[in-house]
Amino acid sequence: MLGIERWVQFAFIGGALLLFWLLNHIIFGGWDTLADYADLRSDPSETLSTGAAAVLAVVTAIVLYRHPKTSRFANQVASELSKVTWPTRQETWAQTIVVVIVSVIAAVILGFFDAGWSTLTDLIYKV
């Protein structure tokens, strides 16, 4: 089993990847918006924008990982999550079936109410 610190490292790496993806899309979207206002005719360099997004994401992840408050918070979250008793696959499946059945029953009841109110309003307004 991996230690808590390893899970925190994985979380920061995942966050960096997500931030990279987000920044890459923001740079391309921002360039299109800027190009509309500044009357720019050229497209952004894909290599340059991807590199800038990667550098920003890595630097942000490293700074946050080394920040004492952020690191302590992440370790506390991982520690608390390690104490959680997660449901088994069979329990999850059974609870999912219950939710689906209750949703279908609620939909049928609401359908009957809707049909009843529709019939009642048609009689009142003689449509």
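The values are calculated or read from the model by the stated rules, or taken from the named source; none is laboratory data. Fair warning: this is a prediction, and the values are worked out from it, not measured in the lab. All Cβ positions, even for glycine, are placed from backbone atoms using ideal geometry, and neighbour counts span all protein chains on display.
In summary, ASP43 fulfils each of the numbered conditions (1) modelled with pLDDT under 95; (2) surrounded by fewer than 11 Cβ atoms within 10 Å (Cβ to Cβ) with the single exception of condition (2). Filter the range 78-127 down to residues that are surrounded by 10 or more Cβ atoms within 10 Å (Cβ to Cβ), aliphatic (A, V, I, L, M) and at pLDDT below 95 and give me whichever is farthest from VAL8 (Cα to Cα). Here the answer is LEU120.
Inspection of the range 65-83 identifies at least one residue that is over 30 Å from LEU22 (Cα atoms) and outside any helix (DSSP H, G or I).
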